[in-house]
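See below for the structure under consideration.
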Amino acid sequence: MEFADLIKTPKLDGVFLHDPQPLQHANAATVGTLCITGHHLLLSARQENSQELWLLHKDIDCVEKKPSMSQNVVVGGIITLKCKDLRIISLEIKYAKEFFNVSSSLEALSAIQNAELLYPFFYRPMYSILEDGYTMFRPELEFAKLISGVGMGGVSSPNVANITICMPSTSTSTSSVSSIPHPLQNGYALDATAALVGGIGSGATVLACEWRVTNINKDFSVCATYGATLIVPKAITDEQIVLSASFRDGGRFPVLSYRHDNGATLMRSSQPLSIQGIKRCRADEAILNLVLGRSKKGFIVDTWGKGKSNTETDLHYSQWKKVNRSIGNVSSPSSILDSFAKLIEACNETGCSTDKWLSRLEGSGWLSLVLNSLNASCVVAQCLDQEGSPVLVHGAKGLDSTLIVTSLVQIILNPDCRTVRGLQALIEREWIQAGHPFASRHRYSCYTPHQTRNKTSGATFVLFLDCIYQLFTQFPCSFEFSTQLLILLFEHSYFSQYGTFLCDSERERHELNVHTRTTSLWSYLNRPDVLQTLLNPLYEPNANVIWPSVAPISLELWSELYLRWVIDQRSVTTVMSQVQELVTREKELRTQLAGQLSTGTAHTEMEDRKWLCPAKLKPVGVQVQ
């Protein structure tokens, strides 16, 4: 297929752009030239200070047509584009032929599903790549951090040369010890108090290596949605893994997700299959029993809902307590999208009364999903941190609610995940490499009518980002990044020039050679000039666990995202700029004062300059222990 076959009118003059959002444009229409390319819709008046439109076709969620009639004859019309970034844009075209040509072209171009025809495969960055985002978070390195307590984003230890983990050998039942160089250039840091029994240093060994890396899924035959490299208990053979995979929905057998400082482990999987005559799997039981270690009990947390999914039997998993923590009354991922659609519909309804708006907000059920997700995550975090017990999290296929909970648990417990690179590593490990089907879930968004969307569509990742926002509002000084990073992740997960969120699994990305044919989003975000715009000026490293309030009154509507095209957000931007200036000025003054104290010249001037040293900014966050 050629793009030219879909573009019936590549260029058209005299098109009116009606963009009622944001408010600062005062609903003024822009008249300009419309251009349609293979990946973009462009409109420009070719005048200074005039509004321009530069829109990826992949951003278009829904195309609505309203023909203009004169004496029962179509004489043009208005094309309304409802976008995945929540914008609503209208194009007014004067002539009937061009009206139908443009609308049909946009419908066809925005509906392209062949990944190789999408923009990431054509985009070539105009800047040099400082770091390859596709190799920054290789599974082997992430697994090494998980089992050894290695953090990211901190100050790297200069004494660390190598870290040793159990790597796969040629045998399917044994594992060997192999050394992985410590990538200081990527900003990783080793905690000197990490749980490495053999110590840390050049040639150090992990004497109590309880986990190993397996490549049993290197051809994706055991589990189509898992990556090629996985971490499992050392004593479990690859044959047992295959048997456990056959017992679980989609072959998603239990794998390591996170290891807490106290040694408690978090694992994730899918639910057991419901097959008549098959009540147990000894290999699956062996995996969980090995994870127990010295613990007398473990917890299996079901996030999908009691009665909606299968769970392990008490008889065969007697040391594991079953806990149901459903994130909501959802029967499929599309139910989450239905809730999101109702939320955005309420946010766009600016003319209704306060009571009606609040009623519609409650009726969407979105904030209930956020609350339940946080609640389930806190329960799992408490089991790990306070009980010191291992936890297995699953729900249905393990592709949605499971990933929300395992990811939020790590943000709550692990301060590394509250840094920019730590969040990137978390998303890479728990969402991209874990097989969340981004292409299927984000094929449609909130503006596509319910009857048009398929059941594989969803808004799970949006729900996860909203939960992070809630944590940010309660602990505004504990996150290295600002909410702007969350908004960028929201946008790029739906439409992007980068290949990070392409496809449904590592298997599909491997088949299309995404890592060599496209550019990683992480490569762009970690450029110093870009990274600086995403940092939180109030950040103070906090090594403690952050326990959020899960009371309904503690939740906030994410207005920066959901209302950004409805309510003018310039005041928020102005306030954040002022905060940034104050913090920068404070740092400068403290540096000057430190220099004067070191030279002994500050003593005579201290009283006169007290007013120059404002108290350290400490925004109040709701912190419930």
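The values are calculated or read from the model by the stated rules, or taken from the named source; none is laboratory data. Because the structure is predicted, anything quoted here is derived from the model rather than measured. Cβ: placed from backbone, ideal geometry, glycine included. Neighbour counts: every protein chain shown. Keep in mind that these areas ignore ligands, DNA and RNA; they rest on the heavy atoms of the full protein, side chains included. Shrake-Rupley method; radii C 1.70, N 1.55, O 1.52, S 1.80 Å.
Descriptive notes on the structure:
- Selection status of Thr354, open to solvent by 40 Å² or more (accessible area, probe 1.4 Å) and β-branched (Val, Ile, Thr): yes
- Scanning region 239-270 for residues that are under 20 Å from Glu210 (Cα atoms), modelled with pLDDT of 95 or more, among the charged types (D, E, K, R) and out of contact with any helix residue (DSSP H, G or I) (no Cβ under 6 Å at 6 or more places or on another chain) returns a single hit, Glu239.
- Taken as a whole, the condition of being within 30 Å of Cys223 (Cα to Cα) and either assigned to a helix (DSSP H, G or I) or touching an Asp or Glu at 6+ places or on another chain (Cβ under 8 Å) (or both) does not apply to His450.
- In region 116-132, the residues that are at pLDDT 95 or above and either assigned to a helix (DSSP H, G or I) or polar (S, T, N, Q) (or both): Glu116, Leu117, Tyr119, Pro120, Phe121
- Within region 528-540, being in contact (Cβ under 8 Å) with a residue 40 or more places away in the chain and either open to solvent by less than 40 Å² (accessible area, probe 1.4 Å) or under 19 Å from the mean Cα position of the chain (by Cα) (or both) holds for Leu531, Thr533, Leu534, Leu535, Asn536, Pro537, Leu538.
- Considering Ile241, Ile236, the condition of being in a loop (DSSP other than H, G, I, E, B) and either closer than 14 Å to Arg282 by Cα or over 27 Å from the mean Cα position of the chain (by Cα) (or both) is satisfied by Ile236 alone.
- Residue under evaluation Pro552, criteria (1) more than 25 Å from Gln424 (Cα to Cα); (2) touching a helix residue (DSSP H, G or I) at 6+ places or on another chain (Cβ under 8 Å); (3) surrounded by 12 or more Cβ atoms within 10 Å (Cβ to Cβ), criterion not met: (3)
- Any hit, region 453-473, residues being open to solvent by 20 Å² or more (accessible area, probe 1.4 Å), of a type outside the set (Gly, Ala, Ser) and at pLDDT 95 or above: yes
- The set of residues from region 585-596 being open to solvent by 60 Å² or more (accessible area, probe 1.4 Å) and modelled with pLDDT under 80 comprises Lys587, Glu588.
- Residue within region 271-284 that is over 15 Å from Val391 (Cβ atoms), among the β-branched types (Val, Ile, Thr) and modelled with pLDDT of 95 or more present: no
- Of all residues in region 474-500, exactly one satisfies the criterion of being open to solvent by 30 Å² or more (accessible area, probe 1.4 Å) and aliphatic (A, V, I, L, M), namely Leu488.
- Inside region 209-233, residues that are modelled with pLDDT of 90 or more and in a loop (DSSP other than H, G, I, E, B) make up a count of 15.
- For Ser523, the requirement of being over 24 Å from Cys83 (Cβ atoms) and buried (at least 17 other Cβ atoms within 10 Å of the Cβ) is met.
- Verdict on Val409 being under 18 Å from the mean Cα position of the chain (by Cα) and more than 17 Å from Lys322 (Cα to Cα): yes
- Taking (1) in contact with a Cys (Cβ under 6 Å, 6 or more places away or on another chain); (2) farther than 21 Å from Gln470 by Cβ in turn, Tyr562 satisfies each apart from (2).
- Hey, Gln484 under 19 Å from the mean Cα position of the chain (by Cα) and either without any contact (Cβ under 8 Å) to a residue 40 or more places away in the chain or in a loop (DSSP other than H, G, I, E, B) (or both) or not: no
- When restricted to residues that are within 14 Å of the chain's Cα centre (by Cα) and not hydrophobic (A, V, I, L, M, F, W, C), region 456-469 contains 4.
Residue-by-condition table, conditions (1) within 22 Å of Ile412 (Cβ to Cβ); (2) surrounded by 15 or more Cβ atoms within 10 Å (Cβ to Cβ); (3) at pLDDT below 95; (4) within 17 Å of the chain's Cα centre (by Cα):
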{"position": "Arg517", "(1), (2), (3), (4)": "no, no, no, no"}
{"position": "Ser559", "(1), (2), (3), (4)": "no, no, yes, no"}
{"position": "Arg564", "(1), (2), (3), (4)": "no, yes, yes, no"}
{"position": "Asp568", "(1), (2), (3), (4)": "no, no, yes, no"}
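- Considering (1) open to solvent by 80 Å² or more (accessible area, probe 1.4 Å); (2) at pLDDT below 90, the lone condition that Trp304 does not fulfil carries the number (1).
- Single residue of region 325-351 satisfying the filter (under 24 Å from the mean Cα position of the chain (by Cα) and polar (S, T, N, Q)) that is surrounded by the fewest Cβ atoms within 10 Å (Cβ to Cβ): Ser331
- Across region 371-381, the qualifying residues are those that are aliphatic (A, V, I, L, M) and surrounded by 24 or more Cβ atoms within 10 Å (Cβ to Cβ), and the one among them that is farthest from Pro415 (Cα to Cα) is Ala376.
- Strands (runs of 3 or more DSSP E) completely within region 1-114 that count 2 or more residues being in contact (Cβ under 8 Å) with a residue 60 or more places away in the chain and open to solvent by 40 Å² or more (accessible area, probe 1.4 Å): 11-18, 73-83
- Single unsatisfied condition, Leu384 versus (1) open to solvent by 20 Å² or more (accessible area, probe 1.4 Å); (2) out of contact with any Ser or Thr (no Cβ under 6 Å at 6 or more places or on another chain): (1)
- Within region 310-324, the set of residues being open to solvent by less than 20 Å² (accessible area, probe 1.4 Å) and either assigned to a helix (DSSP H, G or I) or at pLDDT below 90 (or both) comprises Glu312 only.
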